[in-house]
Structures are given as C-alpha cells and as structure tokens.
Amino acid sequence: MKNTLLTLAFIAILAATTVERATAQNNENQMSIRVAGYEVQLSGKKQHRTSTTWRQWPYHGRIGVFEVGFNDFRIWDNSYAAYQPGERGFMSLDVARSVNLTFNLSTFSSSLLPGNGLGISMALGVAYNQYTLDTPVAFTKTEGMLHPIVTDLELKRSKLRTLALHVPMVLEINPSRNFFISAGGYADVILWSDAKWKYPKHKMRGPYVDFLHLGLTARIGFDDFYIFGNYAVSELFKQGRGPVFNPYTVGLGFGF
C-alpha cells in the first residue's frame, strides 16, 4: 500500500508539471489543475477576443471528484465456450449489488478554443469495482482457469472485487457555461483483485483478472453533476483463464 501511494503521488506531480509547461507555450487557452477538490487556474494573456461573451468563463473540465455506478457484463455467444454445460452462467450478476466507486484525486484540463466551447480533460484516480454474483458459488483454480465448485455449504454471497489506478481522458463540448457533453477513453491498471464467498468466509487472491483494462467513456451533465457510462473494450479475465465478457458501468458523477 505504501508503494502504491508513493506511485500515485509521483504521477500527480509529474502530470501537474506537464500541464504548467503547456500553458506557457499556448497563451490563448486556459488550463486548470484540481487536486482533491482544490482548483488552480492557469491562463495566459489573451491575444484574441471572441464576440460570444457568454463563453468567457474560467475553464475547468467536468470529470468529477466522485463517481458511483452499477456494473454488469456484456455476455457473448462464446462467453462460456471453454466450460462444461453445468458450469456455464456462473458469473451472472446481481446488478443492484455490483457497484463501482471512483475517486478522481487529480484532474487536468485545457480549453482548445479561446471561447472555452471545446476542451480536453484527464484525471488520475482510484476505482473500486465489485461484481456480486446472482447465485452464490465457491471458486477454484483448476488447470489455469477459474471454475465454480459444488459445495455442501449454504453460501450467502459470492463476489469478485478489483482496485485499479483509473485514468480517463475525454474531449468535452460546452454548448453553454453549465451544460456539457464529453466522450473519450480510459485505462485501468489493476492494483489488486480477489474473489470472496461466505459462509464460512473464504478469499482467493488473484482470480486471473487481467492487469490492464481499456475502455470507452461518455458523460452528459449540468455544471458539476453528470450521468456517465463506461464500457471496457478489453476483457475482464486474462485470455483463456475465465469467461469471455466485457464489463460496463452506468452511474452518476459529482464535482466539488
């Protein structure tokens, strides 16, 4: 955990330095840095003015400090092709208990036009994902694959959990000062994962979750409140180690 925190701090400092240099090279645009909800505006002297005065506001991106959502899987026809018929479907989710929690510790944004109608934003955060199974099962690793196992225990809950370094980057359109639409991509670097079931309580570390997840993201909102959707174009599990499907998330984001 100590090494993880040091890594996050180093990346945040490096990113902040990069943004500050970019400001010096382009004095027509505005940039901002947010760290834990505190914002610093970086803007140079404007060489040109625009007649759309309603767009002359200090620019900052709309990637919120906190996001919460619900997870599900995109199931394909071949998702369980490597499993026996009796095992197929074991990763069906209880969506109401499959949650995503994301804290964007630092955000970096820059307007691309002097009028602030178009901008680009990125963030550095931590994302927690929980995938709770609709039908509780126990897990085992057999011949390099994740399998469900039959047990006499009366299981109450089964879940798979991940913690990731989360880096989204979006292009943002601002038709007005408060309303915005944005779309782009994200990368999740998995720092930790496990599978858990009870009763009694058991944990399995490293259930073959792939270490890098790439995906698409979109947001639409008003001021610092928005609806977002994330779709992973990469699979949750390493190839040949688990079912073949892509996670997606729908939820709400909040800025401060």
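The values are calculated or read from the model by the stated rules, or taken from the named source; none is laboratory data. Quick caveat: nothing in here was measured; it's all calculated off a predicted structure. As a convention, Cβ positions derive from the backbone with ideal geometry for all residues, glycine included, and neighbour counts pool all protein chains shown.
Based on what the data block shows, is residue 161 of a type in the set (Lys, Arg) and either surrounded by 20 or more Cβ atoms within 10 Å (Cβ to Cβ) or free of Cβ contacts under 8 Å to residues at least 40 places away in the same chain (or both)?
yes
Within the group 106, 110, which residue is touching a helix residue (DSSP H, G or I) at 6+ places or on another chain (Cβ under 6 Å), crowded, with 20+ Cβ neighbours inside 10 Å and of a type outside the set (A, V, I, L, M, F, W, C)?
Matching residue, one of 106, 110: 106.
Name the single residue, out of those in the stretch 176-217 being of a type in the set (S, T, N, Q) and under 17 Å from residue 249 (Cβ atoms), that is surrounded by the fewest Cβ atoms within 10 Å (Cβ to Cβ).
Top of the filtered list is 217.
What tally of residues in the stretch 172-181 results from selecting those that are of a type outside the set (Phe, Trp, Tyr) and touching a Gly at 6+ places or on another chain (Cβ under 8 Å)?
Residues in the stretch 172-181 being of a type outside the set (Phe, Trp, Tyr) and touching a Gly at 6+ places or on another chain (Cβ under 8 Å): 4 in total.
Hey, can you tell me all the residues within the stretch 51-101 that are at pLDDT 90 or above, among the hydrophobic types (A, V, I, L, M, F, W, C) and part of a loop (DSSP other than H, G, I, E, B)?
63, 65, 76, 81, 82, 90, 91
Anything in the stretch 188-240 that is more than 13 Å from the chain's Cα centre (by Cα) and among the aromatic types (Phe, Trp, Tyr)? List them, or say none.
Residues satisfying the conditions are 192, 197, 199, 208, 211, 222, 225, 226, 237.
Return yes or no: is residue 227 of a type in the set (A, V, I, L, M, F, W, C), touching a Leu at 6+ places or on another chain (Cβ under 7 Å), at pLDDT below 95 and under 27 Å from residue 120 (Cβ atoms)?
So residue 227 fails the test.
Does residue 171 count as touching a residue at least 60 places away in the same chain (Cβ under 8 Å) and in a strand (DSSP E or B)?
Considered against the rule, which asks whether it is touching a residue at least 60 places away in the same chain (Cβ under 8 Å) and in a strand (DSSP E or B), residue 171 comes out as no.
Determine if the stretch 145-166 includes at least one residue that is modelled with pLDDT under 90, part of a strand (DSSP E or B) and of a type in the set (Val, Ile, Thr).
For the stretch 145-166, residues modelled with pLDDT under 90, part of a strand (DSSP E or B) and of a type in the set (Val, Ile, Thr): present.
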